[in-house]
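Worksheet for the structure shown next.
The values are calculated or read from the model by the stated rules, or taken from the named source; none is laboratory data. This one's a predicted model, so the numbers in the text were calculated from it and none came from an experiment. Note that we place each Cβ from the backbone using ideal geometry, even for glycine, and neighbour counts take in every protein chain shown.
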């Protein structure tokens, strides 16, 4: 069963090219999200649909994991060593503290 993403705006050709350059599409989405998801907490690429079905599927799988804190933690526990897991969780906690301490505009 495929997900109907017709309601999403189409990614531009430039965006699709950029995504191909930036993301390691040869890595499973779960592993990518576990290892690098903490650096992409403002991930919005999953809010678009891509022409290439494999790229579209990969981006939406990553987006689903990164935007679900419980699922992200589950993938981090699955793919990271204990030390890596603790480091990435500390990074995420520190990042949350920085956002909490930013002045409101």
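When the test is whether a residue is outside any helix (DSSP H, G or I) and under 21 Å from residue 8 (Cβ atoms), residue 55 does not pass it.
Cβ-Cβ distances below 8 Å connect the following pairs, each with a first residue in the range 81-101 that is on the phi < 0 side of the Ramachandran plot and part of a helix (DSSP H, G or I), a second residue that is surrounded by 12 or more Cβ atoms within 10 Å (Cβ to Cβ) and modelled with pLDDT under 90, and a separation of six or more residues or different chains: 88/38; 91/38; 92/38; 92/41; 95/38; 95/41.
In the range 58-72, which residue that is out of contact with any helix residue (DSSP H, G or I) (no Cβ under 8 Å at 6 or more places or on another chain) and in a helix (DSSP H, G or I) is surrounded by the most Cβ atoms within 10 Å (Cβ to Cβ)? Working first, answer last.
Of the range 58-72, the ones out of contact with any helix residue (DSSP H, G or I) (no Cβ under 8 Å at 6 or more places or on another chain) are 68-70.
Now drop any that are not in a helix (DSSP H, G or I), which leaves 69-70.
On the way: 69: 11, 70: 8.
By that ranking, first place goes to 69.
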